[in-house]
Amino acid sequence: MPVRQPRAATLFGEGQVQNIAVACEQSEAELIIVDGALSAIQQRNIEEKTKRKVIDRTGLILEIFGERAATAEGRLQVELAHLDYQAGRLVRSWTHLERQRGGFGFLGGPGETQIEADRRMIRDRMARIRRELEQVRRTRGLHRDRREKAPWPVIALVGYTNAGKSTLFNRLTGASVMAEDLLFATLDPTMRAVRLPGVEKAILSDTVGFISDLPTQLVAAFRATLEEVMAADVIVHVRDIANPDSDQQKRQVLEVLAGLGLFAEGEEGGEPLIPIVESWNKWDLVSSQRRAELDAARKARPDEAIVCLSALTGEGCEHLLETVGAMLTLDSRICTFVVPASDGQRIAFLRARGDVLSEQAVESDDGSPQVRLNVRLSERELGRFTAL
């Protein structure tokens, strides 16, 4: 039901509220969900007039998040967001107690006292959760530092909720992460190793799905998780290309990434600081006519990395790996090294962190055994090898 003229008291007009109440009676509905933000007063007034429980968009998302949170960190993030949301709505829980009346000091009404006590409890609990999440953030930072010292690049899957990120993650890594036709099936980032052309080993990270008008409470609560995206070497933006709202979903994802500082100029129109591959998923569900239109649109953007694929059938997944591998080795160059055969550390480094094109046993002038290797190395790995 669209809102013709927003009302301060109930959001909907009086007639619309009555129509909602009648519709609930006819369909025996016990819950009303409003696709928008409701103030505490609006929520309470609609509940009183319809005699039904009412939740808004943020409340619904929080309920779904609460169902999906599987780890201790995920549950902390959801609880923090829920407490932040609930803090301004305590008045709804205490309408049976009198409000503050005339007088001063301890003569205030009991309702006011109880609300303030509850608010203090919520603030204390939120402070404890923030401290725990800060510890999580520091731990993640240490893990990122450790990964940066290791040779393996990180690839982050991002996208709108239910775009197929976890299905693609499972397809590429052989993992068994929960992947279902559900909103926010993934709340906790999962990482697995994956092999790419020209890259011996990379880390693939599955992240929480984005959604339009993501509540600020959730962005703040999931900041530690979203920071993983900004630590990636390449971002794969997974899009449900079969969804009619795919373009709008793309804009919402880019807005969230812009808020994290992905773009040089702060907006999605700027140059991304991390390379992005756009993955058009669910290609198997697209009609032949629509495929032709999308192919034309893709060819009109030759400077962008776009891969059409189906995570379910595997079509196009190899092409995605090749594209990401090419991005990661873009600054690579082929070098020739002659290393003493006894220098196992440097030989192992080149084999593990570079793409060895050829390897030959040779002898030095004094007859000692050596190994000549032609290796493709990135600038970063070349610097590390030189430092050995």
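Data table
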| item | result |
| --- | --- |
| Residue under evaluation E293, criteria (1) surrounded by 13 or more Cβ atoms within 10 Å (Cβ to Cβ); (2) modelled with pLDDT of 90 or more, criterion not met | (1) |
| Single condition E278 does not satisfy, out of (1) assigned by TED's automatic domain parsing to the domain that holds H237; (2) outside any strand (DSSP E or B) | (2) |
| Out of I32, I20, sole residue that is without any contact (Cβ under 8 Å) to a residue 24 or more places away in the chain, buried (at least 17 other Cβ atoms within 10 Å of the Cβ) and either in the same structural domain as D84 (by TED's automatic domain parsing) or among the hydroxyl-bearing types (S, T, Y) (or both) | I32 |
| Qualifying residue in segment 57-64 (condition: crowded, with 16+ Cβ neighbours inside 10 Å, free of Cβ contacts under 8 Å to residues at least 24 places away in the same chain and among the charged types (D, E, K, R)) | no |
| Qualifying positions in segment 357-379 - closer than 25 Å to V154 by Cβ and surrounded by 15 or more Cβ atoms within 10 Å (Cβ to Cβ) | V375, R376, L377, S378 |
| In segment 26-46, the residues that are within 28 Å of the chain's Cα centre (by Cα) and either closer than 8 Å to D56 by Cα or not hydroxyl-bearing (S, T, Y) (or both) | I33, V34, D35, G36, A37, L38 |
| Members of segment 191-204 found to be at pLDDT 75 or above, in a strand (DSSP E or B) and either surrounded by fewer than 18 Cβ atoms within 10 Å (Cβ to Cβ) or not β-branched (V, I, T) (or both), listed by number | M191, R192, A193, R195, L196, K201, A202, L204 |
| Residue that is farthest from L168 (Cα to Cα) [pool: residues in segment 281-306 that are in contact with an Asp or Glu (Cβ under 7 Å, 6 or more places away or on another chain) and not in a loop (DSSP other than H, G, I, E, B)] | A305 |
| Restricting segment 353-384 to residues that are in a loop (DSSP other than H, G, I, E, B) and either charged (D, E, K, R) or outside the structural domain of V339 (by TED's automatic domain parsing) (or both), the residue that is nearest to P197 (Cα to Cα) | D365 |
| One residue from T323, T313 being surrounded by 15 or more Cβ atoms within 10 Å (Cβ to Cβ), closer than 26 Å to H237 by Cβ and among the hydroxyl-bearing types (S, T, Y) | T323 |
| Segment 162-183, subset buried (at least 19 other Cβ atoms within 10 Å of the Cβ) and among the hydrophobic types (A, V, I, L, M, F, W, C), residue modelled with the lowest pLDDT | A179 |
| Count of segment 296-310 residues which are among the charged types (D, E, K, R) and surrounded by 11 or more Cβ atoms within 10 Å (Cβ to Cβ) | 1 |
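The values are calculated or read from the model by the stated rules, or taken from the named source; none is laboratory data. A quick note: this is a predicted structure, and the numbers were derived from the prediction, not measured. So basically every Cβ, Gly included, is an ideal-geometry build from the backbone, and we count neighbours across all protein chains shown.
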